[in-house]
Amino acid sequence: QVRLVESGGGLVQAGGSLRLSCAASGSIFSINDMGWYRQAPGKQRELVAYITNGGYTSYADSVKGRFTISRDNAKKTVYLQMSSLKPDDTAVYYCNVDTVLRGTHRILEVWGQGTLVTVSS
């Protein structure tokens, strides 16, 4: 019913930048919150940042001042601009979107497939 396609991960040196994108498609009436999570090897998945449909943003303390989340509602896409990357940022990054389905107006939480970000020292 709803599909998320992520892109933008890869290998970058410490101090570098990457931009992740996550595009939603399918039977979507509207989108509420959009967010990014990450999971490093051997660690639990953690919230990195989220943005409401009104544009309010929130960040994990570990990424404040370095990462910026944004969204394009017309494109049903959420972005994560990552700067001053550190080796500790190495993880699989997942987007998470709360969608309201067309027709039923049921709320469906959807996860992306994940994109690997590797930061070398």
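The values are calculated or read from the model by the stated rules, or taken from the named source; none is laboratory data. Predicted, not measured: the structure shown is a model, and the values here were computed from it. Note: ideal-geometry Cβ built from the backbone for every residue, glycine included; neighbour counts use all protein chains shown. Surface accessibility is based on the protein's heavy atoms, side chains included, excluding ligands, DNA and RNA. Shrake-Rupley method; radii C 1.70, N 1.55, O 1.52, S 1.80 Å.
Looking only at region 32-50, residues that are part of a strand (DSSP E or B) and either on the phi > 0 side of the Ramachandran plot or open to solvent by less than 20 Å² (accessible area, probe 1.4 Å) (or both) come to 6 in all. For residue 100, indicate whether it is part of a loop (DSSP other than H, G, I, E, B) and more than 13 Å from residue 35 (Cα to Cα). No: the conditions fail for residue 100. Counting the residues of region 57-97 that are in a loop (DSSP other than H, G, I, E, B), within 27 Å of residue 121 (Cα to Cα) and open to solvent by 50 Å² or more (accessible area, probe 1.4 Å) gives 6. Taken as a whole, the structure places residue 20 among residues that are open to solvent by less than 30 Å² (accessible area, probe 1.4 Å), touching a residue at least 40 places away in the same chain (Cβ under 8 Å) and either touching a strand residue (DSSP E or B) at 6+ places or on another chain (Cβ under 6 Å) or among the small types (Gly, Ala, Ser) (or both).
Summed over region 86-100, the residues that are over 14 Å from the mean Cα position of the chain (by Cα) and within 21 Å of residue 44 (Cβ to Cβ) give a count of 4. All conditions but one from (1) modelled with pLDDT under 95; (2) closer than 16 Å to residue 17 by Cβ apply to residue 115; the one that does not is (1).
Can you pull out the residues in region 66-105 that are β-branched (Val, Ile, Thr), more than 26 Å from residue 118 (Cα to Cα) and either touching a residue at least 12 places away in the same chain (Cβ under 8 Å) or in contact with a Ser or Thr (Cβ under 6 Å, 6 or more places away or on another chain) (or both)? Correct list: 99, 100.
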